[in-house]
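Taking it in order: structure first as structure tokens, then the write-up.
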Amino acid sequence: MEITIDLSLLTFLANNSLGSIIWNIFSHGGWLVLVILIFVTAYYIYFERKKQKFINSIEHTMLAIDIPKDNEQSLVAVEQIFAHLTGIGKRLNLIEKYIKGETPLTISLEIISLEGYIQFLIRTPVKYKDLVEASIYAQYPEAEITEVEDYISMMPDDVHDKESDFNIWGTEFRLAKEDCYPIKTYRNFEHPLTQIFVDPMAALLEVMSKLSKGEQLGIQLVIQPISDNWKEKGYHLVKKLIGEKSETKDHIGDKFVKSSLKTLEAFSEGVIKIWGDIEEKDPDRDMKNLIQNLTPGEKNVVEAIQHKLSQLTFATKLRVYYLAHNEVFHKGRGVSSVVGAINQFSTSNLNSFKKDKNVQTKVEYFFKKRRVSGRQKKFVSNYKARSFTRGSTPFMLSIEELATIYHFPIITVKAPMLKKVEAKKSGPPTTLPAEMIKSKEYFKQISETEKEDVDEIDNEFSGDEEVKEPDHVISETLPGYDFDNDYYEKKFAKDNSKIRNETITKEIVRENATPPDNLPFINN
């Protein structure tokens, strides 16, 4: 047996110049590849320019949201706000998407602290301003919504320069697991026994209220309504977890291979049947649902995934920045504390947030100063533009998850277990559940900063008198902080006359006084 090795190609490459080789490839069909490459590159440049032109043509407005301090609305109300905001979604046709360069619009939900003054903000396209206001007023009729200037103008343009007087840390977060795994939501922050809601927002607002002069801290959630197509992977994952056979869409190659295998299988079965009968398989037995064999923890995971898949969802980007003058820049206060507050939403068996190492303004090796400066410049640009395409890949959050991360401070309604209590100060009986023993310490922990509250709780547990359970417990670690202040509005409001009139009205209501003489009246 003879083996022949063709070395003509190597001989051709060795005996001809580079120009001759390129011309030979080009004349034998290589020109077609070049034409396709040029066309694809030109279309990509055209498409990106059209898309950026469309994005720049959208006019936006910034709304400052103030909710009364005695707000009693639960986070279900915030869920309904997000459900209402899905109305901004629009399904684009092929011409709008690939020729005109249109893209679905986004809304930015932001919480900003300027030197300790906290403000909830929503940046929305002007065409959806009424929709946003209506969704908030529907759930919070006493809310105050003011159109303001963008605070981002206060951010120095040269913050990324080495010689700048300011320093900035920023990052984007992404999900640690697949999108169908939910994070820890507000329903898991309620004590199972006392039914007291421990607001996860409290830790974050505490950090933001501690900022001093020359410091800023901002959280940005850019959301975009999305179709349910992404949920298909979640449904397949659920079937995989419970042991059910999951059918996925096959490509042309897969269909060809499977059809060939089925033909061979049918042929082999026909041959075997000639020699004798074979035992037929029960397809239902092979596809048996194994959910009954799952552990309690595995069942909880499956139920949590199914619960998320049943809700409306948004494609989301989460950004956080901490900006401060070099003299007061404090990573422990502005960075570690914020990351710790965001870690509250993490669970080991479901999902969690983690920093995107490719985006955060921190590098580990080689040319650190130059690379950090470049990342800071990109991050600031993306944050200012509320970009949805640059930076990390967007992830999916349900309206329940969004309400957990972004909601207004509330007074938590406590369902009273006992209306009246008669007890003497003594040690708890040995048969008392451990959770009941902890309840007193829990109340003390809530009010540990105010001695009067602790004494009052002690009296409730030790006195002989009948004591009525409080109807409300304020979930608050920010004593005396007024989230309804007008600091931000007075500083950035587009129409200051509205702020002045609202302030006068507030004083009249608070003092129950007669209206001032210069207040205009309409004569009937």
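If R0 equals 51 Å, the separation of the Cβ atoms of residue 42 and residue 69 corresponds to a calculated FRET efficiency of about 0.30. Cα centroid separation, segment 144-160 to segment 20-64: 35 Å. Looking at segment 318-393, the trypsin sites (Lys or Arg not before Pro) that sit in a DSSP loop and have at most 12 other Cβ atoms within 10 Å of their own Cβ are 357. For residue 232 and residue 336, a Förster radius of 41 Å and the Cβ-Cβ distance give a FRET efficiency of 0.60, rounded to the nearest 0.05.
Can you tell me the length gained on complete extension of the stretch residue 91 to residue 35, counting 0.36 nm per residue apart and subtracting the Cα distance?
On the way: separation 56, 0.36 × 56 = 20.16 nm, distance 3.28 nm.
Contour length minus Cα-Cα distance gives 16.9 nm.
The modelled label-to-label distance for the pair residue 134/residue 295, using points 7 Å beyond Cα in the direction of Cβ, is 5.0 nm. Here the simple spin-label model places points 7 Å from the Cα toward Cβ, and for residue 80 and residue 4 these points are separated by 8.4 nm. Between residue 387 and residue 165, residue separation times 0.36 nm minus the direct Cα-Cα distance comes to 77.3 nm. Taking 21 Å as the limit for the C-alpha separation, the pairs 331/377; 162/210; 53/162 exceed it in the case of 162/210; 53/162.
Given +1 at the Cβ of Lys and Arg, -1 at the Cβ of Asp and Glu and no other charges, the dipole of segment 1-146 around its Cα centre is 780 debye to the nearest 20.
Each value in this text was obtained by applying a stated rule to the coordinates, not by laboratory testing. As the structure is a prediction and not an experimental result, all values here were calculated from the model. All Cβ positions, even for glycine, are placed from backbone atoms using ideal geometry, and neighbour counts span all protein chains on display.
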